[in-house]
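J.: Sharing a structure below in structure tokens format, with a few things to ask.
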């Protein structure tokens, strides 16, 4: 898993058993092991097939709207004293990076001859993207969503239903993303012959963390070349992205892990698996998890539904342990401040999730943690439409 340079760390295939160091793996009910083995074989074959890759590239271009631009933020840069660049995943079709993953998994579903897509969602963006792909490919679609999240993301619930998906509110546990994943896995056990579980982040059992990262790698690959064009061949000093499960961050980091850039993932303060978690097993993977002294999973808390998860993807756990990426947090109040800051300085309203990355940057630039004049790339993983009502209420 190592190459010369960049601290000897790369983001290639996982090791034996689908592990990134001590993290990852495949911890599943016996009934689902064959489904994951089948999925890994199908993905390996598809990813090695120029025809499949070509169809995906064309869909990303003509349907999703790639490549997304890198926008230089002149007024925000002046205010913070650093040069801020935004990778604009908010400009994709459906409004977030999630479309990159679901178009790939949707094509893979057709390759496997399955007719039904199953998904979990927190902020609703993955659910909307999955419903979009299902409509495009003519697949049945069921999306599990915590009841709390259906209330704070009612607009996205309506969008999924408009696209033809069935949204099933989850009333167990904390009624958020963790519980939606649980219900989706239960459904998959019962319907595996006809159903593909379109998991939305770099989490879960192997091959999902690796597969989703590869499908999101387009973010980092594009951004690296775009930044070098803007910076005369140089790389940014700092690359920052928000982290829940961590797919937008993993896709971004994959493009920069072998450069000198500092990589920073920003978790929700109330869901900091790297900062407060300990290794354990959840949702088919071994990673850092929020747990009590008896190993029971604790509830994460965040203003952002998409980061309201008590764990983190296993490759992020590996990158943290290897020292290649650092992970920090942002609190709800400073996230709201950052959302307003970006809106008023650049005319760009971010989703609450990437506002965590902007919040950390504002704090780090003002404190000197990021040196004046540094070049910082922020992945703006989603637009703020979905959060408008929630933010309006919070700012009253």
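J.: Note the per residue figure in Å³ for the convex hull of the C-alpha positions in region 26-100.
T.: 165 Å³
J.: OK, next. Among bridges DSSP assigns within region 213-325, what percent are antiparallel (round to 5)?
T.: On the way: 8 of 14 bridges.
About 55 percent, rounded to the nearest 5.
J.: Shifting gears a bit: Taking region 141-214 on its own, what percent of its Cα-Cα pair distances exceed 19 Å?
T.: Value for region 141-214: 40 percent of Cα pairs lie more than 19 Å apart.
J.: Any idea what angle helix 98-111 forms with the longest principal axis of the chain, computed on alpha-carbon atoms, 0 to 90 degrees, nearest 10?
T.: Around 30 degrees separate the two axes.
J.: On to the next question. What's the center-to-center distance, using Cα atoms, between region 305-330 and region 99-137 in Å?
T.: 25 Å
J.: So, one more: Would you kindly give the portion of the calculated P(r) for region 111-183 that falls above 21 Å, as a percent of all Cα pairs?
T.: Details: 515 of 2628 pairs.
Roughly 20 percent, once rounded to a whole number.
J.: In whole Å, largest first, what are the principal axis extents of the Cα atoms in region 257-377?
T.: That works out to 46, 32, 22 Å along the principal axes.
J.: Next up: If one takes the longest principal axis of the Cα atoms in the chain, at what angle in degrees, from 0 to 90 and to the nearest 10, does the Cα axis of helix 50-62 lie?
T.: Between the helix axis and the principal axis of the chain, the angle is about 60 degrees.
J.: Give the Kirkwood hydrodynamic radius (Å, one decimal) of region 147-261, defined as one over the mean of 1/r across all pairs of different Cα atoms.
T.: For region 147-261, the Kirkwood estimate is 16.6 Å.
J.: To continue, here is another question. Order of 65-74, 271-280, 117-126 by packing, highest average Cβ count within 10 Å first?
T.: My ranking of the peptides, most packed first, is 117-126, 271-280, 65-74.
J.: Next question. Out of every Cα-Cα pair in region 60-216, what percent are more than 27 Å apart?
T.: For region 60-216, the fraction of Cα-Cα distances above 27 Å is 26 percent.
J.: Just to confirm the number: angle between the C-alpha axis of helix 332-346 and the first principal axis of the chain, 0 to 90 degrees, nearest 10?
T.: 70 degrees
J.: Viscosity 1.567 mPa s, temperature 4 °C: what is the translational diffusion coefficient of region 204-301 from Stokes-Einstein with a Kirkwood Rh over Cα pairs, rounded to a whole number of µm²/s?
T.: 87 µm²/s
J.: Same structure, new question: In region 57-148, what percentage of the DSSP-assigned beta bridges are antiparallel, given to the nearest 5? Write down the numbers at each step before the final one.
T.: On the way: 4 of 10 bridges.
Given both bridge residues lie in region 57-148, the antiparallel proportion sits at roughly 40 percent.
J.: Moving on to the next point. Stretched out fully, how many nm does the piece from residue 63 to residue 154 gain, at 0.36 nm a residue minus the Cα gap?
T.: Result for the pair: 30.3 nm of gain on full extension.
J.: Restricting things to alpha carbons, tell me how big the chain is in terms of Rg and Dmax, in Å.
T.: In Å, with Rg to one decimal and Dmax whole: 19.3, 56.
J.: Order 177-188, 88-99 from most to least packed using the mean count of other Cβ atoms within 10 Å.
T.: Highest-to-lowest ranking by the protection proxy: 88-99, 177-188.
J.: For the chain, give the share of DSSP beta bridges that are antiparallel, in percent and rounded to the nearest 5; count only bridges with both residues there.
T.: Around 35 percent of the beta bridges assigned by DSSP in the chain are antiparallel ones.
Here, each number is a calculation from the coordinates, and none is a lab measurement. This one's a predicted model, so the numbers in the text were calculated from it and none came from an experiment. Ideal geometry is used to build each Cβ from the backbone, glycine not excepted, and the neighbour counts take in all protein chains shown.
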